[in-house]
Amino acid sequence: MSTGFSPYQLPAEYSEIRSATRDVCDAGVAPHAAEADEAASFPTASYEALRSADLHAPHLPAEYGGAGIDALGTAIVIEEVARACASSSLIPAVNKLGTLPLLLDASDALKERYLPPVASGEAMFSYCLSEPEAGSDAASMRTRAERDGDTWVLDGVKRWITNAGVSGYYTVFAVTDPQAGSRGISAFVVEKDDQGVSFGAPEKKLGVKGSPTAEVYFDSVRLPADRLIGEEGQGFSLAMRTLDHTRVTIAAQALGIAQGALDAARAYAAEREQFGKPIASFQAVQFMLADAAMKISAARELTYAAAAKSERGDADLTYFGAAAKCFASDAAMEVTTDMVQVFGGYGYTRDFPVERMMRDAKITQIYEGTNQIQRIVMARELLKGRAF
Ligand code: CAA
């Protein structure tokens, strides 16, 4: 394996995490990637491979039975899984997204109840923020939770929910005080089997087809009061604080997709001959490979710096999470497009993985906030003097 992953000398434990994850992915994830894409079905075999190596939710602390890997190590796991299969990388990424609101704000009782099944791999955890009419403008959500004695009654629709129907648990954001704007939103844990929960048909997507995306419907779902995560009215801030951390994981996913495409194109360019020589001997191809490596290196540094900030909880994480996600995903789109070009006509077919990687890269510019929203977040932080 190349040693050129970062000019900074990361402690040995991170190289060990990378090489252990790569071994698991080479043997148990990469072989199922094309099939998961083609069949648009959840890669159960990949999930089992990740689960047996404790890589399906690596961020969960040891006290809940998790591997206790920090934010940088988790980013490296996600990067390596995405290098093999972007859909499968949404297993550790979305398990982190779904559970982070609990880790940040939930009571001990809620954490002790819901985190161990995720750590053991018995259940996955999804995150329900977006709605049909509330995408970038997340605070305009309409899903309503009304207090009724010792319970909350939940009604509404969430859209674009990653791993919907496969996950056993869901962090759901809902309006608890319609007069209070973004301060009238609260977060709840909802179980797949709660009465009144149902799922829409899977979305027919361009990429990450092995990761189901669907609507989630809540029809008078009655939740015990102790399912509230943190304090009433703090849900929007919790949703945003969660995304500050998890945008780093999307940056890592983008990075892995780009690295996978570069690795495939580099090997192909060395073998494919035209005009009597390997195409790697032509500058036109060399420049595309060099540009790809340059963009990946820069994206990796920013992503790892943001991961360190996520681990420390630095005040400028909001800026760095947005910057890493935006930069790495734009880089992944450029790199995968160019790597398809290196393959020429072959790159446009499903006989080679770069076609899938280019389709998969696109979503990283869209979810967990479009890159236009990331630029708004960065500009606000900059202008308020909270970054730089
Ligand atoms: N940390 C803590 N609090 C924050 C915060 C942060 N990062 N960002 C905002 N807040 C707080 C603000 O301080 C403010 O609090 P007060 O009322 O107490 O002052 C409150 O939240 C409202 O903030 P804004 O006025 O900035 O809110 P806004 O309505 O202008 O929205 C936004 C800001 C950045 C555009 C936000 O709506 C946003 O991030 N939109 C994108 C949504 C998104 O990322 N969706 C992703 C869905 S999940 C997904 O995609 C998962 C998947 O499939 C894998």
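The values are calculated or read from the model by the stated rules, or taken from the named source; none is laboratory data. In this text the structure is predicted, and so the values were computed from the model without any measurement. Every residue, glycine among them, receives a Cβ derived from its backbone with ideal geometry; neighbour counts consider all protein chains shown. Heads up: the accessible areas ignore ligands, DNA and RNA and are worked out on the full protein's heavy atoms, side chains in. Shrake-Rupley method; radii C 1.70, N 1.55, O 1.52, S 1.80 Å.
Tally the residues that are surrounded by fewer than 24 Cβ atoms within 10 Å (Cβ to Cβ) and touching a residue at least 24 places away in the same chain (Cβ under 8 Å), restricting the search to the range 171-184.
Of the residues in the range 171-184, 9 are surrounded by fewer than 24 Cβ atoms within 10 Å (Cβ to Cβ) and touching a residue at least 24 places away in the same chain (Cβ under 8 Å).
If the Cβ limit is 6 Å and pairs must be 6+ apart or interchain, which residue in the range 125-139 that is free of Cβ contacts under 8 Å to residues at least 12 places away in the same chain pairs with which residue that is more than 9 Å from the ligand (Cβ to nearest atom) and of a type outside the set (Asp, Glu)?
134/141
Find all pairs meeting these conditions: Cβ atoms under 8 angstrom apart; at least six residues apart or on different chains; first residue within the range 14-36 and open to solvent by 50 Å² or more (accessible area, probe 1.4 Å); second residue among the basic types (Lys, Arg).
Note: pairs meeting the criteria are 34/350; 34/356.
Only one of 67, 34 is of a type in the set (Gly, Ala, Ser) and part of a loop (DSSP other than H, G, I, E, B); which?
From the options 67, 34, the qualifying one is 67.
Go through the range 195-221 and give me each residue that's among the charged types (D, E, K, R) and loosely packed, with under 15 Cβ neighbours inside 10 Å. Give the steps one after another, and end with the answer.
So in the range 195-221, the residues among the charged types (D, E, K, R) come out as 203-205, 209, 215, 219.
Matches in the range 195-221: 204, 219.
Could you list all residues from the range 121-167 that are within 14 Å of the ligand (Cβ to nearest atom), over 15 Å from residue 186 (Cα atoms) and open to solvent by 30 Å² or more (accessible area, probe 1.4 Å)?
The answer is 132, 133, 135, 136, 137, 159, 160, 166.
Scan the range 127-154 residue by residue and report those that are within 20 Å of residue 225 (Cα to Cα) and hydroxyl-bearing (Ser, Thr, Tyr).
The answer is 127, 143, 151.
How do the pairs read when you match residues in the range 232-247 that are in contact (Cβ under 8 Å) with a residue 60 or more places away in the chain with residues anywhere that are of a type in the set (Lys, Arg) and near the ligand (Cβ under 8 Å from one of its atoms), using Cβ under 9 Å and keeping only pairs 6 or more apart or on different chains?
234/183; 236/183
Pick from 90, 104, 97: which is touching a residue at least 60 places away in the same chain (Cβ under 8 Å), open to solvent by 20 Å² or more (accessible area, probe 1.4 Å) and of a type outside the set (Gly, Ala, Ser)?
104
Residues are listed down the side, and each one gets a yes or a no for (1) open to solvent by less than 40 Å² (accessible area, probe 1.4 Å); (2) in contact (Cβ under 8 Å) with a residue 12 or more places away in the chain:
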residue: 279; (1), (2): yes, yes
residue: 284; (1), (2): no, no
residue: 292; (1), (2): yes, yes
residue: 300; (1), (2): yes, yes
residue: 311; (1), (2): no, yes
residue: 315; (1), (2): no, yes
residue: 318; (1), (2): yes, yes
residue: 321; (1), (2): yes, yes
residue: 332; (1), (2): yes, yes
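Do the conditions hold for residue 187, that is, is it modelled with pLDDT of 95 or more, under 30 Å from residue 307 (Cβ atoms), under 19 Å from the mean Cα position of the chain (by Cα) and open to solvent by less than 10 Å² (accessible area, probe 1.4 Å)? Can you show your working first?
Working: modelled with pLDDT of 95 or more: yes; under 30 Å from residue 307 (Cβ atoms): yes; under 19 Å from the mean Cα position of the chain (by Cα): no; open to solvent by less than 10 Å² (accessible area, probe 1.4 Å): yes.
Answer is no for this residue.
Which residues, counting only those in the range 134-146, are part of a loop (DSSP other than H, G, I, E, B) and touching a helix residue (DSSP H, G or I) at 6+ places or on another chain (Cβ under 7 Å)?
Residue satisfying the conditions is 136 alone.
Which count do you get for residues in the range 246-264 that are out of contact with any Ser or Thr (no Cβ under 8 Å at 6 or more places or on another chain), farther than 21 Å from residue 114 by Cβ and within 14 Å of the ligand (Cβ to nearest atom)?
1
Grab the strands (runs of 3 or more DSSP E) fully contained in the range 168-245, keeping just those with 3 or more residues being closer than 30 Å to residue 355 by Cβ, within 15 Å of the ligand (Cβ to nearest atom) and touching a strand residue (DSSP E or B) at 6+ places or on another chain (Cβ under 8 Å).
213-224
Can you find a residue that is open to solvent by less than 50 Å² (accessible area, probe 1.4 Å), farther than 22 Å from residue 103 by Cβ and in contact with a Leu (Cβ under 7 Å, 6 or more places away or on another chain) anywhere in the range 363-377?
Among the residues of the range 363-377, not one is open to solvent by less than 50 Å² (accessible area, probe 1.4 Å), farther than 22 Å from residue 103 by Cβ and in contact with a Leu (Cβ under 7 Å, 6 or more places away or on another chain), which makes the answer no.
Sort through 115, 72, 104, 110 and tell me the only one that's within 12 Å of the ligand (Cβ to nearest atom) and either of a type in the set (Ser, Thr, Tyr) or part of a helix (DSSP H, G or I) (or both).
104
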